[in-house]
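The next block holds one structure in the form of structure tokens; read it before the comments.
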Amino acid sequence: MDLDLETEPEPPAPDPAAALPPVRQECPRCKGGLRQVMMDRGASLHACTACGGMFVGARAWCMFLERPDLVGAIEKRLPKRNHSPSVLMPMVTCASCGSQMERGRFAASSGVVVDVCPRHGVWLDEGELGRVADYARSPQRTVDAPESHPVVEAMQVERIR
């Protein structure tokens with residue numbers, strides 16, 4: 001018996017000139033002000049001037065993972081607050097869409113716990129960007145996330161851009 005299965009058409013390639021989603025001006029962690037910090041190739045992150053946390057969109061996140069050397073330059077441009085984190089950090093909402101972010105361990109095997117919006121980006125508390133970069137540079141790192149994970153898919157879309 002022959003089955004004639006229709007294949008779905010390929011989705012259109014993302015438009016590299018497409019605007020990034022808007023980011024709120026209020027920190028989802030402490031309600032302080034978010035300040036945009038520009039990077040290369042139109043990528044940016046939004047850093048809180050009060051608590052030192054940051055919202056990192058998919059484009060900037062890809063740049064950090066591909067070029068961990070950028071982290072030092074970016075960290076020098078950010079205010080240092082050195083807040084001692086509480087034992088249990090409350091959940092945060094996405095700085096773009098306002099939905100509650102998912103919490104998980106970066107790369108599944110690192111000791112860095114991050115908050116993720118599958119559609120818009122990652123929230124990093126103060127000091128976590130450097131720890132993520134250290135892990136990304138580590139020769140012992142492993143990435144256990146499946147290819148269908150929303151963050152992996154967002155990274156692939158940004159690489160195409």
Within segment 97-135, the residues whose backbone N lies under 16 Å from a label point placed 7 Å from the Cα of R77 along the Cα-to-Cβ direction are 129-130
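Ranked highest first by the average count of other Cβ atoms within 10 Å around their residues, in what order do 43-50, 65-72 fall?
Output ranking for 43-50, 65-72: 43-50, 65-72.
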Checking rank on 99-112, 23-36, with mean other Cβ inside 10 Å and highest first, the result is 23-36, 99-112
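FYI, it's all coordinate maths here, none of it is from the lab. All values reported here derive from a predicted model rather than from experimental measurement. Cβ coordinates were reconstructed from backbone atoms using ideal geometry, including for glycine residues, and neighbour counts include every protein chain displayed.
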